[in-house]
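Here the structure comes first, spelled out in structure tokens, and everything after it is commentary.
The values are calculated or read from the model by the stated rules, or taken from the named source; none is laboratory data. Since the model is a prediction, treat every value here as computed from it, not as a measurement. Positions of Cβ are backbone-derived with ideal geometry, glycine not excepted, and every protein chain shown enters the neighbour counts. For accessibility, only protein heavy atoms count, side chains too; no ligands or nucleic acids. Shrake-Rupley method; radii C 1.70, N 1.55, O 1.52, S 1.80 Å.
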Amino acid sequence: YAATLDKTGALYPTDKMYDVEQAIGVIGDMTRSWTPNLYISMRPKAFGYPEDFPKTDEGKAKIASMRREWVETELPKWLGFLSDMIDANGGTYLCGGDKPTIADCMAVPTIRNFTRGHIDHVDVDCVAKCNPKVAAYVERF
């Protein structure tokens, strides 16, 4: 809906509609893939653990392990998908052009979450180390 408020059409260009939708889908899939690793410390019962699990030694180790493993194995895959989209569309934004689309407006804050330092066991340099092209894209935004 928000993109339709832009009367210039830059946020949701009709000629790039499928590219925009694909990028939004990838970002959503990445977020859903990451979610258990984040929320296990906030809502452990939703994942079959007791409420105090995050405060136990076992819980702390599990949370650290899950987050580090995801950043090591899954983050490169998802950033690779985004990097491929940037390359396929001229090297500027996910869907090309000289202006960001709504997909970029969704992607950048999602990626920045991994670099802000507010998530335990996630190195603030993980995006730059994992995919410098995506890190540059975020900085360019």
Could you please let me know if Asp84 is open to solvent by less than 10 Å² (accessible area, probe 1.4 Å) and at negative phi? no
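Matching residues to (1) within 29 Å of Asp6 (Cα to Cα); (2) open to solvent by 20 Å² or more (accessible area, probe 1.4 Å):
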site	(1), (2)
Gln22	yes, yes
Lys55	no, yes
Ala61	no, yes
Arg67	no, no
Leu75	no, no
Ala88	yes, yes
Tyr93	yes, yes
Thr110	yes, yes
Could you give every pair whose Cβ atoms fall below 9 Å, whose first residue belongs to region 1-14 and is of a type in the set (Ser, Thr, Tyr), and whose second residue is open to solvent by 100 Å² or more (accessible area, probe 1.4 Å), counting only separations of at least 6 or pairs across chains? Thr8/Lys99
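Which residues, taken from region 66-106, are out of contact with any Gly (no Cβ under 6 Å at 6 or more places or on another chain) and of a type in the set (S, T, N, Q)? Walk me through it before giving the result.
Initially, region 66-106 is screened for residues out of contact with any Gly (no Cβ under 6 Å at 6 or more places or on another chain), giving 66-88, 91-95, 97-106.
Selection gives Thr73, Ser83, Thr92, Thr101.
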Top-ranked residue in region 24-53 [being in contact (Cβ under 8 Å) with a residue 60 or more places away in the chain, under 14 Å from the mean Cα position of the chain (by Cα) and open to solvent by 20 Å² or more (accessible area, probe 1.4 Å); ranked as nearest to Val127 (Cα to Cα)]: Thr31
As an exercise: evaluate Ala135 against (1) farther than 16 Å from Ile24 by Cα; (2) open to solvent by 50 Å² or more (accessible area, probe 1.4 Å); (3) without any contact (Cβ under 8 Å) to a residue 40 or more places away in the chain and give the number of the one condition it does not meet. (2)
Checking Met85 against (1) farther than 22 Å from Phe114 by Cα; (2) in contact (Cβ under 8 Å) with a residue 60 or more places away in the chain, which test does it fail? (1)
